[in-house]
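The values are calculated or read from the model by the stated rules, or taken from the named source; none is laboratory data. Everything numeric here is computed off the predicted structure, so don't read it as measured data. Here Cβ is always computed from backbone atoms with ideal geometry, including for glycine, and neighbour counts include all displayed protein chains.
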């Protein structure tokens, strides 16, 4: 089963600002996660419990996402540098501003080529 992909509005802006050398490996990793999104070793704890991360060690970037099994969708919450845990702090702050419940299934290939902006309320 393949999951759909939804970007939280601020995460989509971060995604669009990424350099191609960072975006390409993230796309590849996201494509794998859309097939198998629950990766226990990448599960986050604390304020971000229930979320997962995709790590690009060499570039120092992280992508934070949540899996909604009811709708069969991955919701990207934040994309950014790990320096000083900036991406994790921003993701935790967004949780208080964003209610991630209204989602819809998207065409996976289309979403990876050109992410669709969805205000998730």
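Out of the residues in region 34-50 meeting the condition of being in contact with a helix residue (DSSP H, G or I) (Cβ under 8 Å, 6 or more places away or on another chain) and closer than 22 Å to residue 24 by Cα, tell me which one is modelled with the lowest pLDDT. The extreme case among them is 34. The set of residues from region 1-20 being assigned to a loop (DSSP other than H, G, I, E, B) and touching a residue at least 24 places away in the same chain (Cβ under 8 Å) comprises 1, 2, 3, 8, 18. Residues that are closer than 14 Å to residue 14 by Cα and in contact with a helix residue (DSSP H, G or I) (Cβ under 7 Å, 6 or more places away or on another chain) within region 60-82 comprise 61, 62, 63, 64, 76, 77, 78, 79, 80, 81, listed in sequence order. Screening residue 23 with (1) more than 22 Å from residue 84 (Cβ to Cβ); (2) touching a residue at least 12 places away in the same chain (Cβ under 8 Å); (3) in a helix (DSSP H, G or I) gives one miss only, at (2).
Residue count for region 35-55, restricted to those that are outside any loop (DSSP other than H, G, I, E, B) and under 18 Å from residue 1 (Cβ atoms): 2.
Restricting 91, 78 to residues that are closer than 16 Å to residue 6 by Cα and modelled with pLDDT under 80 narrows the list to 78.
Under the condition of being exposed (fewer than 15 other Cβ atoms within 10 Å of the Cβ) and assigned to a strand (DSSP E or B), the residues counted in region 56-80 number 0.
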